[in-house]
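Input: a single structure, listed below in structure tokens.
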Amino acid sequence: MTRLAHQYNAVNLSQGFPNESPPLKVRLALAHAVLSGRTSETDDENYLIESMIDFLRDSLKSDGSSETSTDELNQYSPPMGRPDARKAVSDYYHRLYDYDVEEDHITLTLGATEAVATALRTVGKPGDKYPSQCNIFHLDPVFVTLKPNYDTGTWNYDENELKDAITGARALILNTPHNPTGKIFRHGDLKKIVDICIKNDVYIITDEIYEWMCYPDENGNARRHSLIPKEFPEAKDITLVCNSLGKSASATGWRLGWCLHPTHLTDSYRGIHDQLVAMSPHPMQYASITYLNLPDEYFREQLAVRYKERLRILSLALKEAGFKVVSPEGSYYLFVDYNGVGELNGLAPMDAAMKLMRDFGVACVPGDNFYGKSTDGQHMLRFAACRSMSDISHALERLKKLNPSK
């Protein structure tokens, strides 16, 4: 849909990647790593800038012919990731979750996508049942459907459907906060999931890339993300935590993620990771140390509000156009029902998305992409509110041309 958005000159609210920059300090750390190929004494911004200026000046003077320094950071890293970067991940969880995980049981990955893929291949074999998409490894996906309740403003699953899916399964994939619905699986939900997975000897693979994008409820009560092995120690040996800096650092192109894996799976996980991708990008690994050491306020406060206003105004505009909206509890998406929009009513999701793009200049994603078995997505579209406020404002103007069904 991003390619088509360019073709039709549409505001791109489809693919869920930001178009704003990572924090300056993190970008400088990456730039210094790539230019110098060497680690830095400090991540102080002024030092990094001056160091890069000196490096470039010396390089221009010598025309590159007399460079004798060795380059470490543009070359291979250890397959599981730099020790100092893995320690930074470990320190991150200790500092922000009061959860201790040894760096020997952390692997840096090619984004959260590879972290999840390697987890699937680690715990599964062809023919195993999974409640998620995993056909790439010839696994048999079994789906549990989230359904909207517009009266309560929530997305819910059928516990019996989950029990049926778990029977005979090898792993459950859990994305929270959830894409595309914005649901945050809270303690009660997670307790039921943990109990049923332990009972059935099923691994839990989590995707936690929106962990800090959690919004208060209508009464102002805070919502927060739960780290399963911290909240439920009994599940530590069956849980693989997958994460990434892509969304929270606005650095989706860096492809830098990680997995916290149980001790008994470490060797298998790393062996598969090594064969799949060899390693994650080395300069990004080093720059991730600066990101992971950003002040707590960046994670706990800034990310919690960064997209809140964009979601609010986009939600209002969609409601005025006739869409049915459940306000997201987390992440930065709006997953909406378009049956109440006059111009889109009765169209298939792809046709509705294309009409919105061609005739109104706003790109989104057809909702049926997010369903494996249910037809519930036949009247749904997903909008990403992670774009700049300028993009959101342009989209709002174009959405005003839509009319609710009579």
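The values are calculated or read from the model by the stated rules, or taken from the named source; none is laboratory data. Remember, it's a predicted structure, so these values are computed and weren't measured experimentally. Glycine also receives a Cβ, built like all others from the backbone with ideal geometry; neighbour counts cover every protein chain displayed. Calculation scope for accessible area: heavy atoms of the full protein, side chains included, ligands and nucleic acids excluded. Shrake-Rupley method; radii C 1.70, N 1.55, O 1.52, S 1.80 Å.
Things to note:
- Degrees, to the nearest 10: 308-321 long Cα axis against longest axis of the chain: 30
- Rolling a 1.4 Å probe across the protein heavy atoms gives the range 337-386 an accessible surface of 35 Å² per residue.
- Alpha carbon convex hull of the chain, projected area averaged over orientations, nm²: 21.5
- For the chain, size of Cβ-based charge dipole, Lys and Arg +1, Asp and Glu -1, in debye: 1360
- Taking a ≥ b ≥ c as the square roots of the eigenvalues of the alpha-carbon gyration tensor, the range 158-302 is classed oblate because a/c is 1.5 or more while a/b is no larger than b/c.
- Cα gyration tensor shape of the range 326-406, rounded if a/c is under 1.5, else prolate or oblate by comparing a/b with b/c: oblate
- Rounded to 5, the percent of DSSP beta bridges in the chain classed as antiparallel: 60
- Rounded Å value of the spacing that divides the Cα centres of the range 345-406 and the range 1-39: 24
- Between 0 and 90°, nearest 10: helix 349-360 axis offset from the chain longest Cα axis: 80
- Within the listed set 140, 43, 151, the Gaussian network model of the chain (springs between alpha-carbon atoms below 10 Å) gives the highest mean-square fluctuation for 151.
- Fully extending the segment from residue 319 to residue 149 would add 59.6 nm, taking 0.36 nm per residue of separation and subtracting the current Cα-Cα distance.
- Taking 299, 55, 185 in turn, the Gaussian network model of the chain (Cα-Cα springs below 10 Å) assigns the largest fluctuation to 55.
- Considering helices alone, the calculated mean residue ellipticity of the chain at 222 nm is -11500 deg cm²/dmol, with DSSP H runs of length four and up weighted by -39500 (n - 2.57) and normalised per residue.
- Fluctuation leader among 114, 103, 218 - the chain, Gaussian network, Cα springs under 10 angstrom: 218
- Global form of the range 229-367, assessed from the alpha-carbon gyration tensor, a/c cut-off 1.5: prolate
- Accessible surface of the chain [probe 1.4 Å, protein heavy atoms]: carbon and sulfur percent: 49
- Amide H contacts under 5 Å for residue 173, placed H, 5+ residues apart: 205
- Where the range 3-76 is the region considered: accessible area per residue in Å², 1.4 Å probe: 64
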